[in-house]
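Scroll down for the structure; my scribbles are underneath it.
Taken together, the values in this text are just the output of simple stated rules run on the coordinates, not laboratory data. The structure displayed is predicted, hence computed values, not measured ones. Here Cβ is always computed from backbone atoms with ideal geometry, including for glycine, and neighbour counts include all displayed protein chains.
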Amino acid sequence: MVNRPPRLLISRFLGETTFRIVGLAYILALVAVTLFPIWVVVTRSLLPQWVYLRLSRYPLIPPALSLEAYERVFALPQIGGAFLRSVWRTLSGTGLAVAVTTLAAYAISRRGLPGRRWILKGLIFTLIFWPGLLPTYMMVRTLRLYNTTWALIIPGLVSTFYLLVMKTFFESLSVEIEEAAKIDGASDLQILLRIVLPLAIPGILTVSLYIMVGHWNDYFAAMLYVTDPRKRLFNVVLREMLAAGNYEFVMKSVRLEEQLPPETAKAAFTILAALPMVLIYPFVMKYFTRGMMLGAIKG
Amino acid sequence: MGTTSAISPPVGAAKAPGLRKRARAIWRFRWIYLFLLPAALYFLVWRFYLMVPTVLMALKKMDIGDTVYTARWVFLDNFRRAFASPYFPAVIRNTFLISGLRMAAGFVPPILLAIFVFELKRPLAKQATQLVSYLPHFFSWVVMYGICTALFAPPDGTISSALERRGATARFFVDSGPFLAMLVGSATWRDLGWSAILFLAALSSVDMELFDAAKVDGANAWGRLRHVTLPALVPIITLVFLLDVSYVVYAGFDQIVVYYNPAVYAVADIIDTWVYRIGIQGADYGLGQAVSLFQSFVGLVFIYGGNLLTRRVVGYGLW
């Protein structure tokens with residue numbers, strides 16, 4: 001440190017310290033506020049029935065924990081069935097969307113493609129103008145997709161945004177390997193499968209994870225298009241139960257002594273709905289932050 | 001067999017050979033066109049063709065059994081009915097109010113988070129904070145609703161009963177004020193960490209030399225903030241702000257449709273929920289679509305205006 005007047009050094013030190021204290025306080029407060037609601041719901045879902053009967057409330061620090069709520073909840077036919085239907089919708093919807101979007105993005109990224117400029121113009125058009133809820137709904141009914149999984153997969157199959165993101169990604173992959181393969185006589189399909197796809201996996205994976213989260217977390221489309229009680233999806237069943245304030249319609253068949261505390265049941269449902277995405281999100285973060293850092297470094 | 005890229009025809013080539021070159025190029029790319037096909041079909045049906053009913057529906061009176069082509073023309077009558085409806089002013093007000101509240105609550109905290117996380121020394125602390133703060137973004141609105149009922153719903157809501165014990169009764173799912181607070185608060189809670197990512201990325205790409213220079217010039221942490229950190233954030237902050245403004249007419253429908261109930265329609269009913277009630281539940285496609293078109297029009301004005309403003313302030317826009 002060069003010769004500096006002590007006054008300045010002290011001001012530097014004080015400023016630095018107060019800044020760190022403020023920063024640390026802010027972050028700690030934020031973490032606490034973030035974790036508290038999650039803590040409330042998780043502890044409620046793990047509360048054994050006997051504790052609730054003894055205390056008549058849901059303590060913030062439960063004296064005992066139990067997984068009985070989850071066992072019982074998942075065994076219920078409405079819940080288990082709805083959960084599986086949601087899983088099926090998410091997996092098939094994501095798979096199809098990723099396949100179609102990736103193929104199209106690769107195609108559009110090919111520089112010599114005749115008509116490419118018009119295709120891009122068309123895509124920009126879809127970013128600015130898009131059909132609203134009612135025409136889409138009408139189309140679903142006209143095509144008799146109502147009350148099928150297709151109604152949840154087809155209308156939102158290709159997002160222009162994700163398509164453009166993937167296109168940019170494909171364009172950023174190096175051209176030389178491709179040209180070499182072409183000279184060696186590889187077909188377009190071979191080039192895509194053997195050369196481009198392996199390199200493109202991070203980008204494709206990131207977009208796939210986003211699409212998957214979108215499908216699993218969806219409520220409105222599922223509520224709108226699947227009304228048959230035997231086919232409803234998990235989020236819809238959960239929401240109805242939360243809004244009704246009771247879960248009798250689910251627990252009707254169970255004897256009174258065996259019934260779970262109401263909030264415990266609701267909390268267990270909620271956690272079940274959140275769990276798949278909670279398990280996935282570290283993977284999203286890994287690829288996403290890598291992509292962001294790459295973008296930042298490149299410029 | 002896809003081979004080398006198309007060679008551009010020599011300048012002044014005659015038309016017939018040019019056409020053959022075009023045809024040959026298309027043949028060369030035939031597999032590529034095949035890859036395009038599924039997406040193209042999707043766009044043709046669900047994005048391009050549907051623009052026709054999007055416009056026509058608003059101009060017609062759709063009765064039961066009507067299609068967009070068999071229904072009766074009423075031209076601007078649907079729009080007149082929409083503007084005359086007693087719900088119209090409330091819905092517009094709610095939409096702007098909720099968007100405004102969301103922006104006011106959600107704008108500053110992510111920026112602060114990014115600044116403080118950026119300044120954290122230990123990478124472990126950085127990662128742990130980010131891991132925790134990004135988590136709620138992956139909760140669906142139904143899960144959020146579940147969390148909010150656990151906290152705010154009588155009789156067992158953790159926070160609502162704690163408030164009641166202190167005499168502050170607030171019915172979060174019935175009274176307008178508390179409902180809005182819960183709505184906006186939970187939305188901010190959920191997306192705070194995620195929104196900070198953009199700002200954090202912007203800070204990460206700042207040249208470290210700037211920070212060193214500030215240090216040499218004798219700046220303490222607050223000086224660094226004023227002269228390096230905040231100026232670096234100004235472009236991205238402006239962009240995010242103008243993006244938020246552009247989408248003001250779409251005020252968080254996904255959350256509201258999960259949270260709302262008839263008791264709070266007075267404040268929670270926004271344009272999109274009104275369209276849903278008119279068009280889907282009320283089966284008045286014409287009226288609903290008129291409102292929807294009106295919303296798109298206003299939205300476009302905001303998007304375009306927002307983009308102009310961004311370009312003027314930051315130098316670049318969305319396009």
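Per-structure values
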read-out	value
Kirkwood estimate for the protein assembly as shown, i.e. one over the average of 1/r between Cα atoms, Å	27.6 Å
Alpha-carbon Rg/Rh ratio, for chain A, with Rh computed the Kirkwood way	1.10
Tail beyond 23 Å, pair distance distribution of segment A:98-212 (Cα, percent)	42 percent
For B:144-157, mean number of other protein chain Cβ atoms within 10 Å	6
Test item: B:293-305 mean partner chain Cβ contacts at 10 Å	1
Residue A:227 versus residue B:122: modelled label distance in nm, points set 7 Å from Cα along the beta carbon direction	5.6 nm
Average beta carbon contacts from partner chains per residue of B:46-58, 10 Å cutoff	6
Distance histogram for chain B (every C-alpha pair counted, 20 angstrom bins, percent rounded to whole numbers)	22, 42, 30, 5, 0
Label point 7 Å beyond Cα of residue A:13 along Cβ direction - residues of segment B:190-230 with amide nitrogen under 15 Å	B:220-221
Highest-first arrangement of A:17-25, B:263-271, where packing means the average Cβ count within 10 Å	B:263-271, A:17-25
Residue-averaged [θ]222 nm for chain A, counting only DSSP H segments that reach four residues, each worth -39500 (n - 2.57)	-23500 deg cm²/dmol
For chain B, calculated [θ]222 nm from helices alone, where every DSSP H run of n ≥ 4 adds -39500 (n - 2.57)	-21500 deg cm²/dmol
Fraction of the pair-distance distribution of segment B:89-215 above 18 Å, Cα-Cα pairs, percent	64 percent
Residue A:174 paired with residue A:74, simple spin-label distance in nm, labels 7 Å along Cα-to-beta-carbon	4.6 nm
Theoretical FRET efficiency, 1/(1+(r/R0)^6), r = Cβ-Cβ of residue B:212 and residue B:304, R0 51 Å, to 0.05	0.75
Gain in span if fully extended, residue A:116 to residue A:187, counting 0.36 nm per residue against the direct Cα distance	23.5 nm
Compactness relative to 2.2 N^0.38 Å, alpha carbon Rg of segment B:203-319	1.61
Contour excess over end-to-end distance, with Cα ends at residue B:49 and residue B:30 and 0.36 nm allotted per residue	4.4 nm
Per-pair calculated FRET efficiency, R0 = 22 Å: residue A:36 and residue A:67 via Cβ, rounded to 0.05	0.45
Residue B:88-residue B:245 FRET efficiency (beta carbon distance; Förster radius 30 Å; 0.05 resolution)	0.85
Helix runs (DSSP H) in chain A reaching 24 Å along axis by Cα, Kyte-Doolittle at least 0.5	A:6-45, A:77-109, A:197-217, A:262-298
18 Å Cα-Cα reach of residue B:60 towards aspartates and glutamates, excluding residues that sit fewer than 8 places from it in its own chain	B:77, B:284
